[in-house]
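**Student:** Have a look at this one.
The values are calculated or read from the model by the stated rules, or taken from the named source; none is laboratory data. Just so it is clear, the model here is predicted, and its values are computed rather than measured. Here the Cβ positions follow ideal geometry from the backbone for every residue, glycine too, while neighbour counts run over all protein chains shown.
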Amino acid sequence: MIAIIDYGVGNLFSLAGSLKKLDLDAVVTSDPSEIKKCDRIILPGVGAFGDAAEKLFNSGLADVILDEVKEGKPLMGICLGMQLLFEKSFEYGEHKGLGLIPGSVVPLDDVLKGSLKVPHIGWNALDVKKPDNPLMKYTKQGDYMYYVHSFYADTEPDYVLATSEYGFEVTGAVSKGNVYGTQFHPEKSGNDGLKILKAFSEI
Amino acid sequence: MITKRIIPCLDIRHGRVVKGVNFEGVQDVDDPVALAKFYNESGADELVFYDITASVEGRGIFTDVLTAVASQVFIPLTVGGSINTLEDFDRVLKCGADKVSVNSGAIKNQRLINDAAKRYGDQCVVLSMDVKRVNGKFELFTAGGRKATGIDALNWAREGEALGAGEIVLNSIDTDGVKQGFDIEMLSAFAEVVSIPIIASGGAGCMEDFKTLFDTVKGVDAGLAASIFHFKTVNIGELKNYLAQAGINVRR
């Protein structure tokens with residue numbers, strides 16, 4: 001059973017629908033005891049980092065997630081959920097994240113400086129850096145994923161599984177130990193995206 | 001690099017997919033759920049679900065059809081038709097929409113775009129515009145192209161971007177349903193005044209029309225069409241192969 005964390009941020013319908021399509025059991029929940037019973041956790045999220053981090057910390061769900069990760073349970077963050085895995089974000093001020101992966105979340109425009117449109121929105125090809133990582137099990141070089149974001153994770157190459165070219169190498173997928181994340185939306189990336197979710201379900 | 005997007009549009013009326021020529025003389029095509037599933041599997045980059053009569057009949061979108069469509073679609077889904085309030089946004093997002101398209105609702109209530117962008121993010125708000133040439137100017141129309149507003153459409157596009165719209169669907173009433181190609185002149189004029197992605201709509205009749213669109217108007221990010229895909233005049237997979245051979249970056 002996969003726990004999809006419901007902390008009042010974003011639309012969980014399509015994620016739940018994608019897991020159903022893969023015949024995977026999932027529950028959308030904010031109940032700590034239910035989360036503890038599941039064997040893996042997905043942290044979704046759309047919107048602003050500060051608001052989402054506040055909801056996650058104030059609800060106590062951040063502590064539940066951190067405890068479960070410490071126990072070895074696989075965690076996957078998607079889009080804003082991936083950004084929340086990092087130490088901090090500079091989206092409208094400075095905000096603390098879960099700190100599970102070293103690095104910070106910074107504006108795409110700091111690098112692009114107006115040369116390309118922000119948000120980075122649409123389908124972009126993956127450059128897989130760590131094909132042996134279990135999350136990349138079914139992913140091929142050049143698979144297209146659907147992105148929608150204005151900020152990106154600035155982190156060490158050690159933690160980067162895949163990138164996409166958008167003026168520079170934008171962080172696409174990350175991992176550190178049992179913690180995984182994708183900036184793109186696997187649940188909105190057609191069959192190639194579903195393969196990422198399938199790989200996560202088998203970790 | 002980011003790809004150019006190909007987007008089939010499902011115009012829904014009474015729960016069925018229809019396609020009008022110049023918005024009139026509508027004809028029944030297919031079951032929306034079956035079509036959505038077909039497009040999801042045939043390489044479409046997004047889907048637009050538009051309840052064309054919702055705003056005319058003054059009622060909400062068929063949420064049951066929408067929910068059924070959303071459950072078959074694992075690509076981004078944009079929903080429009082009679083979106084007037086934040087509650088309308090909430091309702092269609094809960095049915096599985098990823099983006100919400102506003103048209104006349106945003107003209108009637110100028111706070112709608114901004115309020116929705118603040119609550120759901122810019123990426124969620126798509127400003128849909130029906131535009132027609134009137135006395136040498138681009139004028140904004142509503143009610144499926146039936147009602148003139150007197151508003152300068154270029155100004156409205158600029159304003160929409162400033163209010164927080166994340167994308168613009170620009171539908172040319174002059175070329176819609178005529179199948180003689182996209183309205184290159186109109187699209188070029190809009191690409192000059194906004195920097196958010198523009199989705200071109202109205203006029204696609206063959207594969208070459210998409211090539212001309214992407215080659216000519218660099219500011220256009222996507223091409224939207226309905227009947228040529230529904231009637232299988234153009235197959236999306238073949239269209240993408242054709243565009244890739246012409247040097248246009250597409251997802252295959």
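**Student:** Any idea how many residues of segment A:168-203 are among the small types (Gly, Ala, Ser) and more than 14 Å from every other protein chain (Cβ to nearest Cβ)?
**Tutor:** Here the count works out to 6.
**Student:** Consider B:GLU192 against the criteria (1) touching a strand residue (DSSP E or B) at 6+ places or on another chain (Cβ under 7 Å); (2) within 30 Å of B:ARG111 (Cβ to Cβ); (3) part of a helix (DSSP H, G or I): it satisfies all of them except one. Which criterion is unmet?
**Tutor:** Only one criterion in (1) touching a strand residue (DSSP E or B) at 6+ places or on another chain (Cβ under 7 Å); (2) within 30 Å of B:ARG111 (Cβ to Cβ); (3) part of a helix (DSSP H, G or I) is unmet by B:GLU192, namely (1).
**Student:** Consider B:ALA68 against the criteria (1) under 24 Å from A:HIS185 (Cα atoms); (2) at pLDDT below 90; (3) within 17 Å of the chain's Cα centre (by Cα): it satisfies all of them except one. Which criterion is unmet?
**Tutor:** Unmet for B:ALA68, out of (1) under 24 Å from A:HIS185 (Cα atoms); (2) at pLDDT below 90; (3) within 17 Å of the chain's Cα centre (by Cα): (3).
**Student:** Then there's this: As an exercise: evaluate B:VAL131 against (1) within 25 Å of B:LEU35 (Cα to Cα); (2) under 17 Å from the mean Cα position of the chain (by Cα); (3) touching a residue at least 40 places away in the same chain (Cβ under 8 Å) and give the number of the one condition it does not meet.
**Tutor:** (1) is the only condition that B:VAL131 fails.
**Student:** Of the conditions (1) outside any strand (DSSP E or B); (2) modelled with pLDDT under 80; (3) touching a Gly at 6+ places or on another chain (Cβ under 7 Å), B:GLY60 clears all except one; give me its number.
**Tutor:** Tallying (1) outside any strand (DSSP E or B); (2) modelled with pLDDT under 80; (3) touching a Gly at 6+ places or on another chain (Cβ under 7 Å), B:GLY60 fails exactly one: (3).
**Student:** Has segment B:77-91 got any residue that is among the aromatic types (Phe, Trp, Tyr), away from every other protein chain (no Cβ under 12 Å) and more than 30 Å from B:MET207 (Cβ to Cβ)?
**Tutor:** No, there is no match, as no residue in segment B:77-91 is among the aromatic types (Phe, Trp, Tyr), away from every other protein chain (no Cβ under 12 Å) and more than 30 Å from B:MET207 (Cβ to Cβ).
**Student:** Tally up the residues in segment B:211-230 that are in a strand (DSSP E or B) and in contact with a helix residue (DSSP H, G or I) (Cβ under 8 Å, 6 or more places away or on another chain), please.
**Tutor:** Adding up the residues that qualify gives 2.
**Student:** Name the pairs whose Cβ atoms lie under 9 Å apart, with the first residue in segment A:114-138 and at positive phi, the second outside any loop (DSSP other than H, G, I, E, B) and buried (at least 19 other Cβ atoms within 10 Å of the Cβ), and 6 or more positions between them or separate chains?
**Tutor:** Short answer, once both residue conditions are applied: A:GLY122/A:TYR146; A:GLY122/A:TYR147; A:GLY122/A:VAL148; A:GLY122/B:ARG5; A:GLY122/B:ASP221; A:GLY122/B:ALA222.
**Student:** Among the candidates B:ASP209, B:ASP215, B:ASP183, single out the residue that is more than 14 Å from chain A (Cβ to nearest Cβ), touching a strand residue (DSSP E or B) at 6+ places or on another chain (Cβ under 9 Å) and over 30 Å from B:GLY164 (Cβ atoms). Give the derivation first.
**Tutor:** Working: B:ASP215 fails: touching a strand residue (DSSP E or B) at 6+ places or on another chain (Cβ under 9 Å); B:ASP183 fails: over 30 Å from B:GLY164 (Cβ atoms).
Answer to the check: B:ASP209.
**Student:** In segment A:85-159, which strands (runs of 3 or more DSSP E) lie fully inside it and hold 2 or more residues that are in contact with a Phe, Trp or Tyr (Cβ under 8 Å, 6 or more places away or on another chain) and within 14 Å of chain B (Cβ to nearest Cβ)?
**Tutor:** A:120-125, A:144-149
**Student:** Please indicate, with yes or no, whether at least one residue in segment B:93-116 is over 15 Å from the mean Cα position of the chain (by Cα), closer than 21 Å to B:ASN155 by Cα, basic (Lys, Arg) and part of a helix (DSSP H, G or I).
**Tutor:** Yes, because at least one residue in segment B:93-116 is over 15 Å from the mean Cα position of the chain (by Cα), closer than 21 Å to B:ASN155 by Cα, basic (Lys, Arg) and part of a helix (DSSP H, G or I).
**Student:** Then there is this: For segment A:111-126, does any single residue satisfy the condition of being of a type outside the set (A, V, I, L, M), at pLDDT 95 or above and buried (at least 20 other Cβ atoms within 10 Å of the Cβ)?
**Tutor:** Checked against the condition, which is being of a type outside the set (A, V, I, L, M), at pLDDT 95 or above and buried (at least 20 other Cβ atoms within 10 Å of the Cβ), segment A:111-126 yields at least one hit.
**Student:** From B:GLY96, B:GLY160, B:GLY166, B:GLY144, which residue is at pLDDT below 90 and within 25 Å of A:SER150 (Cα to Cα)?
**Tutor:** B:GLY96
**Student:** Could you list all residues from segment A:160-178 that are more than 13 Å from A:ALA125 (Cα to Cα) and surrounded by 22 or more Cβ atoms within 10 Å (Cβ to Cβ)?
**Tutor:** A:LEU161, A:VAL174, A:SER175, listed by residue number.
**Student:** Could you list, in sequence order, the residues of segment B:120-157 that are surrounded by 14 or more Cβ atoms within 10 Å (Cβ to Cβ) and part of a helix (DSSP H, G or I)?
**Tutor:** B:TYR120, B:ASP122, B:GLN123, B:CYS124, B:ALA153, B:LEU154, B:TRP156, B:ALA157
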